[in-house]
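The values are calculated or read from the model by the stated rules, or taken from the named source; none is laboratory data. Owing to the predicted nature of the structure, the values given are computational and were not obtained by experimental measurement. For the accessible areas, the whole protein counts, side chains as well, though only heavy atoms, and no ligand, DNA or RNA atoms are used. Shrake-Rupley method; radii C 1.70, N 1.55, O 1.52, S 1.80 Å.
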Amino acid sequence: AFPGCTDLVVVRLLSRDPMHLSPDAFVRCTRLTLVVAPRPSGVVGTTFVSCPLLQGTGVVEDTAANQRRALDLQYWRVCTHQLCSAPHRRWVQTVLLVANRLRGGALALPDEMWLSILESIRRWELGRAP
């Protein structure tokens, strides 16, 4: 399904029977952080074995709270910065350097405003022209 997709961070499984997943469906998805599944106990085996960030509490039940958690991972946050690809991280750093350069000028905004603007952007949209 997604072997080697290093930008994949969240997966929401809709099927009540996750056993249809092939063992290599998510192999080398190194940034996969959260899997939301109707029956998380059924999502075991080798399907996510090569996803290092899923260890521990990465496979969770499909609840409203976990759906919100999955949605939050779609947006850039300070806490999700490390989940971004290198070009996206560099873009955020560039924006913050520009913000620092503008400090004290006519276009200056408080740091909180810059972070709020960045937090309204989905991680995969970082650096894209509108």
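What is the Å³ per residue value for the convex hull set by the Cα atoms of the chain?
Spread over its residues, the Cα hull of the chain gives 120 Å³ apiece.
On average, how much accessible surface per residue is there in the chain, in Å², for a 1.4 Å probe, leaving out ligands, DNA and RNA? Show your work: numbers first, answer last.
Details: 8020 Å² over 130 residues.
Per-residue accessible area for the chain comes out at 62 Å².
Counting only protein heavy atoms and a 1.4 Å probe, tell me what percentage of the chain's accessible area is made up of carbon and sulfur.
59
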